[in-house]
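Okay, so here's the structure we're looking at.
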Amino acid sequence: MTEEVFAQRYRITDKIGGGGMAEVYKAADGVLGRTVAIKVLHPQYAGDADFVARFRQEAQSAANLSHPNIVNIYDWGEQAGTYYIVMEYIEGKDLKEVIDAQGPLSAAKTMELSAKVAAALDFAHRHDVIHRDVKPHNIVLTRDNEVKVTDFGIARRGASTMTQTGSVLGTAGYISPEQAQGRAVGPASDIYSLGCVMYEMLTGDPPFTGENPVAVAVKQVNEPPVPPRQINPQIPEALQAIILKAMAKRPEERYGSAEEMREDILRVAQGGEPDYAAAGATTVLPVTAPVVPRPATGAAPPPKKKKVWPWVALAIGLAILAESRCGASRPCLYRRPSRSRT
């Protein structure tokens with residue numbers, strides 16, 4: 001596709017990423033003289049009404065999100081049956097690369113970055129857009145040390161239930177319990193995911209790991225996280241309280257908004273105590289064997305075993321997702337600076 005021109009102004013110069021739904025290219029904007037990134041829907045999906053609707057919805061949802069910490073969407077359209085989105089081109093490293101290279105970040109750095117991500121999410125939520133895939137791979141640190149939240153590729157307006165057939169949208173290590181169960185999601189789901197990201201920033205690992213994505217998703221639903229201070233005692237108790245509140249299993253027990261979470265982060269960064277997460281440190285217990293309530297004398301017999309079909313469906317969906325989603329090691333909307341080749 002190199003040298004192909006979209007809308008008579010965007011000339012493709014290089015491929016910089018791709019995944020199951022689209023390919024991402026670097027391009028030159030002949031009108032404004034700037035470098036952009038173009039996300040192009042795979043040809044095999046262009047004739048699928050559901051995929052095209054999802055692609056259009058992504059563009060429409062993200063186009064109005066003009067914020068310093070969100071990747072800008074410049075343009076979108078269709079050409080010869082191929083759908084595309086033109087967006088800001090970013091050079092930098094994603095947060096996952098930074099953590100893998102440097103290990104756990106300091107509490108100060110974690111709060112600095114997280115406050116900016118929370119600001120981006122709050123802006124999106126106030127415009128009725130839920131990201132649904134907040135993870136270190138989708139948070140880019142630019143050359144100027146700014147934070148950019150990328151890839152609103154599975155963003156939806158409001159609580160839309162549109163999904164790929166048979167799949168649960170999101171990434172297992174950061175997905176909220178309600179999202180893992182295929183339930184409707186809202187701002188609280190992004191807040192949960194940001195809590196998981198902060199946990200990884202401070203400990204070097206996500207809060208839940210497993211042999212496969214399904215095992216991790218099951219833990220997201222059923223198991224409390226090990227308090228991060230048990231892994232890294234250098235973490236301030238107040239910061240741990242913020243993370244544990246954000247990661248509450250029930251959405252209503254998390255922060256009421258990303259802005260509330262950001263305010264708590266800023267308070268702790270300035271040496272204060274969190275207001276919204278004041279009791280957070282005592283509400284989540286260390287991981288132990290699952291507690292099974294004992295029936296009272298004369299009570300109804302123990303409940304029947306849970307049906308396995310919902311988890312089978314989840315297994316199929318996450319397996320599909322693992323193969324199809326881009327960003328396993330880095331997001332698709334940016335490219336690390338590379339040395340000039342001779």
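A few points about this structure:
- Seen from a random direction on average, the alpha-carbon convex hull of the range 1-160 projects onto 9.9 square nanometres.
- Once backbone amide H atoms are built at 1.01 Å from N, ILE130 has ARG156, GLY158 as its partners under 5 Å, excluding neighbours fewer than 5 places away on the same chain.
- Of every Cα-Cα pair in the range 5-90, the percent that sits beyond 16 Å: 50 percent
- In Hz, Karplus ³J(HN,Hα) per residue of the range 210-225 (6.51, -1.76, 1.60; θ = phi - 60°; x = Gly, Pro): x, 5, 7, x, 5, 4, 5, 4, 4, 5, 4, 7, 10, 10, x, x
- Mean Cβ neighbour count within 10 Å, used as a protection proxy, ranking 125-137, 214-226 highest first: 125-137, 214-226
- Cut-off under 5 Å, modelled amide H: who pairs with LYS15 long-range: LYS26
- Value of Rg to Rh for the range 68-117, rounded to two decimals, is 1.19; Kirkwood radius and Rg both from alpha-carbon coordinates.
- Mean projected area (nm²) of the alpha-carbon convex hull when the range 189-248 is viewed from all directions: 3.9 nm²
None of the figures in this text is laboratory data; all of them are computed from the coordinates on show. Since the model is a prediction, treat every value here as computed from it, not as a measurement. We place every Cβ from the backbone using ideal geometry, glycine too, and count neighbours over all the protein chains shown.
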